[in-house]
Amino acid sequence: MSISAARRLLPVGRPGSAAAPSFLRGGQRSRLGIEIAGDSLRIAQHLRRGAAERWRCGELSLPSPTAAPAAAGRRARRAPATAGSRFRAGRATAVCTSPLIDVFPLNLERDDDAPVAQRVVEQARDRLDYPIEEAVLDFNLLPPAVQRPGDDDLTVLVYAAPRALIEHWVASLDHLNWYVDCLITPGCVLAPRIEHPLRDARHLVISIAGIATSLSVVQFGEVLLERILPWGEQGLLERLQAELDLSTAQSERLLQQSDPAATVQEILAPLFTELVQEADGCLAYCDAYFSPTTTTALLLVGSLAAHAALQRFLERELGLPRRDATQSLQLLGGEEIDPAFAAAACGALWEPEGEG
Amino acid sequence: MSGLNLIPPDLLARREARRLLRFWSWRIGASVLLLGGLFLLLHEVAADRFAEVEQISGRYDDLQGRLRSAEDLILERDRLAERRAVIDLIRDEHPADAFLFALGEALTPDSYLTFLELRRCAPAGEEAQSDPCRATLRIRGQAADHGRVGAILHGLSQAPRFADATLLSVQEPQRSGADRAVEFEITATLRESDE
């Protein structure tokens with residue numbers, strides 16, 4: 001178990017930091033953003049050569065460590081390493097969308113003398129359904145601007161994940177020679193990059209990944225609340241396969257259609273409805289516990305960002321205007337990036353604590 | 001940006017230590033290999049140089065050995081030169097092939113020699129002589145008749161290589177029969193002027 005307060009005090013010599021010698025900083029290679037959703041990875045890297053800038057994006061799958069026998073497993077594990085070798089980076093940020101990551105807010109009394117980290121640990125102990133000793137905890141202290149007038153409590157958003165899961169991801173990416181020094185959720189990585197003419201505009205960010213979907217409410221560049229649903233693109237595919245008795249490839253083609261037939265929309269409607277209900281719940285929570293805002297917009301990124309039926313459904317059901325992800329995200333130069341790689345691209349531009 | 005990070009600090013520190021260990025291990029390993037390679041290269045170069053020095057040293061010893069026997073070679077050369085001088089002296093003073101050719105010319109076709117003796121003079125200075133020494137040729141042989149003996153004597157007298165050709169004896173054959181050859185003995189001196 002660890003908490004960010006302890007991490008901040010730990011005298012870890014970070015080669016990427018300014019204090020480290022230049023030869024340990026990974027050269028001039030730009031950071032890699034890796035979106036992890038189960039065993040599939042979406043990778044983005046911003047490349048700059050002189051005045052020319054461009055994005056390099058790609059997808060690959062991690063082999064399951066238990067699926068294949070030993071020799072075949074070794075070969076299978078080498079294959080992604082070869083495929084990923086075209087992405088050479090000094091450091092990487094992993095953006096994880098997993099239902100195993102718990103995100104919950106906590107209210108702490110401002111007058112309490114005990115350290116915030118200690119109080120977070122005490123309260124989080126009751127919120128987790130596994131021993132806190134097997135968890136990795138970190139938290140964000142929300143800015144005072146989001147608090148309701150007269151509310152003196154400290155509000156923190158706690159992120160918790162099983163340590164074994166984090167170690168598995170880190171080891172898998174280490175095997176691909178990507179040195180991940182930061183692992184965060186899509187909401188956290190997207191929040192600082194969202195631009196809006198109105199400073200206090202609130203955004204509902206929906207990021208659909210492979211096996212999970214992240215819902216986050218973002219304001220002032222901070223995540224107010226984040227929920228991770230246990231289904232993503234894979235869940236939609238499985239539902240199509242089950243209902244229509246299709247192969248995986250046929251289901252994928254059907255799902256990739258921007259405006260699918262009404263039957264398909266009907267099949268996917270329960271999941272979309274669940275998404276809307278969760279989004280409504282998140283927005284209602286934020287309206288109830290944080291400062292009111294006049295403008296709220298919807299931002300859809302991830303696998304189905306270009307899915308017209310889903311866009312229409314969300315706009316209609318949530319009653320929110322949808323903003324174009326590519327235009328709304330403050331990304332660096334280069335060609336316009338696919339919204340499916342938005343989280344990975346923001347991860348590539350992420351500056352971990354101590355850098356930048 | 002928030003400082004959120006779900007990678008626990010101890011894992012980060014452990015990975016950082018591993019990374020640094022790999023970083024330095026690789027470089028130290030490469031340095032050791034490089035130094036080893038350089039050492040082997042220097043060893044090879046030094047071995048070549050040592051072999052070259054050994055070779056040159058061997059040649060020097062060989063040359064030293066040859067230099068030690070040079071005096072013997074000079075002595076041998078002098079000895080051979082002396083022998084050669086004697087042979088040349090003999091050849092020049094008594095050219096045997098010319099004498100034999102002249103003798104052959106003087107003999108008649110049906111005569112043959114049974115004895116030939118050449119008496120040379122002693123080398124100059126060995127013993128003092130009142131008369132100048134002259135090499136003499138003494139031959140014995142058989143001819144068909146007296147006329148042939150006379151022809152041989154005449155031939156020797158006329159040959160420029162011989163002088164003072166003298167018929168010492170002529171004997172008739174003792175037994176009678178078809179073989180009635182005459183035995184003769186002639187002496188002559190070798191002509192000094194032709195030497």
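Descriptive notes on the structure:
- Amide H contacts of B:Arg161 (H built 1.01 Å from N, under 5 Å, at least 5 apart or other chain): none
- Mean separation of Cα contacts under 8 Å (6+ apart) over length of region A:133-280, as relative contact order %: 15 percent
- Residues B:Arg84 and B:Glu105, FRET efficiency given R0 of 35 Å [Cβ-Cβ distance, rounded to 0.05]: 0.70
- Cα lying deepest toward the dipole's positive end in region B:16-79, options B:Ala70, B:Trp24, B:Phe39, charges on Cβ: B:Trp24
- Given +1 at the Cβ of Lys and Arg, -1 at the Cβ of Asp and Glu and no other charges, the dipole of region A:261-356 around its Cα centre is 320 debye to the nearest 20.
- FRET efficiency for the A:Glu278 to A:Glu134 pair, using the beta carbon distance and R₀ = 30 Å, is estimated at 0.65.
- The simple spin-label model puts a point 7 Å past each Cα toward its Cβ; for A:Asp200 and A:Ala171 those points are separated by 4.9 nm.
- Cα centroid of region A:149-214 to Cα centroid of region A:239-303, whole Å: 20 Å
- Estimated vicinal HN-Hα couplings, Hz - region A:236-244 in sequence order (Karplus 6.51, -1.76, 1.60; Gly, Pro = x): 5, 5, 4, 5, 4, 4, 5, 7, 9
- Ascending count of other beta-carbon atoms within 10 Å, so fewest first, for B:Arg77, B:Arg19: B:Arg77, B:Arg19
- The label-point distance for B:Arg140 and B:Leu75, in a model that sets each label 7 Å from Cα toward Cβ, rounds to 4.7 nm.
- Cβ neighbours within 10 Å from other chains - mean over A:137-146: 2
- For region A:171-305, the square roots a ≥ b ≥ c of the C-alpha gyration tensor eigenvalues yield an a/c of 1.5 or more together with a/b not exceeding b/c, which makes the shape oblate.
- Packing-based order for A:275-282, A:91-98, A:35-42, A:112-119, using average beta carbon neighbours within 10 Å, highest first: A:91-98, A:35-42, A:275-282, A:112-119
FYI, it's all coordinate maths here, none of it is from the lab. Remember, predicted model here, so these are calculated numbers, not experimental data. Neighbour counts run over all protein chains shown; Cβ positions are idealised from the backbone, glycine included.
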